[in-house]
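Read-outs: derived from the displayed coordinates by stated rules, not from any lab. Keep in mind it's a predicted model, so treat the numbers as computed, not measured. Glycine gets a Cβ as well: all are built from the backbone with ideal geometry, and neighbour counts include every protein chain shown.
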Amino acid sequence: MKEKILGIDVCYDTYDELASKLMLDINEQRKSFIVAINPEKIMKAQEDRELKLLLNKATYQIPDGIGVILASKLQNGRIRERVTGIDMMLKLCKEAAKNDKRIFLYGAKPGVVEEAKAKLEEMFPNILIVGTLNGYEKDEQVIERTINDSGAEIIFVALGSPAQEKWIINHKDKLKPFVYQGVGGSFDVISGRLNRAPAVFQKFGLEWLYRLFKEPTRFKRQLALPVFLIKVLRK
Ligand code: UDP
């Protein structure tokens, strides 16, 4: 159920299909790793072999970003809808609450992660968030012990990219949770500290435009998109 875009695997499963597969992974005690794929990461991976291997090692690469959809269209692929990191996380929270699966939140600044937990508990009354740890705790032993002692089955890792992906690959064998998702700045958004783009921007896949207004310095990062699409076309 995957398609290659410039050498990077991307899944074409929907939110529902992914959520069922992830619940099954937990029930069958299999480790799985979700990574959000966007043009910026695909472009970076063209020059960084290690990053390319890392992205392809994930169990589920989700098409986060309109650029990935456009690329799939250009190469007559099958990816038609975005699966964003934050919406996948929320979907997983909803399913976890329904199926009594325990969740851990790791990452973001001290304070933010606790606020994100409180917000998720408001959104999903039955959710089981069994532990949190901010992303500035650097004592490996504390990190491992806190996560393993919590009994969590799902862990969301919000350390930014590619730090969170590297962290997941390097730690998942020593840790007890089954499902690992790298979620970037999602805890900042869920806690309410960072505004998500208004719904109309989300609907048309224009979050990038909204972010450009809010943080004009991201312009350079976003230049990667047209370059990326040209590269896909050439191929
Ligand atoms: N962060 C962290 N520990 C660090 C560095 C960053 O927990 O050592 C957090 C930071 O507080 C923020 C997130 O990682 O919540 C990075 O978010 P960003 O939107 O930059 O993610 P990206 O766009 O790289 O996916």
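Only a single criterion out of (1) surrounded by 13 or more Cβ atoms within 10 Å (Cβ to Cβ); (2) within 20 Å of the chain's Cα centre (by Cα) is not satisfied by L229, namely (2). Each residue in the range 147-165 was checked for being outside any loop (DSSP other than H, G, I, E, B), within 13 Å of the chain's Cα centre (by Cα) and not aliphatic (A, V, I, L, M), and 3 pass. Only one of the numbered conditions (1) within 16 Å of the ligand (Cβ to nearest atom); (2) of a type outside the set (G, A, S); (3) part of a loop (DSSP other than H, G, I, E, B) is violated by D100, and that is (1). Just name the residue that is farthest from V68 (Cα to Cα) out of those in the range 103-116 that are in contact with a helix residue (DSSP H, G or I) (Cβ under 9 Å, 6 or more places away or on another chain) and in a helix (DSSP H, G or I). Ranking the candidates gives E115 first.
Six or more apart or on different chains, Cβ atoms under 8 Å: show the pairs whose first residue is in the range 157-170 and under 16 Å from V112 (Cβ atoms) and touching a residue at least 12 places away in the same chain (Cβ under 8 Å) and whose second is part of a helix (DSSP H, G or I) and within 7 Å of the ligand (Cβ to nearest atom). Pairs that qualify, where the first residue is under 16 Å from V112 (Cβ atoms) and touching a residue at least 12 places away in the same chain (Cβ under 8 Å) and the partner is part of a helix (DSSP H, G or I) and within 7 Å of the ligand (Cβ to nearest atom), are A158/F187; A158/D188. Taking the range 128-146 as the range and being surrounded by 18 or more Cβ atoms within 10 Å (Cβ to Cβ) and either of a type in the set (D, E) or within 14 Å of the ligand (Cβ to nearest atom) (or both) as the test, the residues that pass are T132, L133, G135. Taking first residues from the range 97-123 that are free of Cβ contacts under 8 Å to residues at least 24 places away in the same chain and of a type in the set (S, T, N, Q) and partners that are in a loop (DSSP other than H, G, I, E, B) and surrounded by 23 or more Cβ atoms within 10 Å (Cβ to Cβ), no Cβ contact under 7 Å between residues at least 6 apart in sequence or on separate chains turns up. Within the range 19-43, the set of residues being in a helix (DSSP H, G or I), buried (at least 16 other Cβ atoms within 10 Å of the Cβ) and either without any contact (Cβ under 8 Å) to a residue 40 or more places away in the chain or among the hydrophobic types (A, V, I, L, M, F, W, C) (or both) comprises A19, K21, L22, M23, I26, I42, M43. Within the range 177-194, the residues that satisfy the criterion of being touching a residue at least 12 places away in the same chain (Cβ under 8 Å), in a loop (DSSP other than H, G, I, E, B) and either surrounded by fewer than 18 Cβ atoms within 10 Å (Cβ to Cβ) or within 16 Å of the ligand (Cβ to nearest atom) (or both) are V183, G184, G185, S191, G192, R193.
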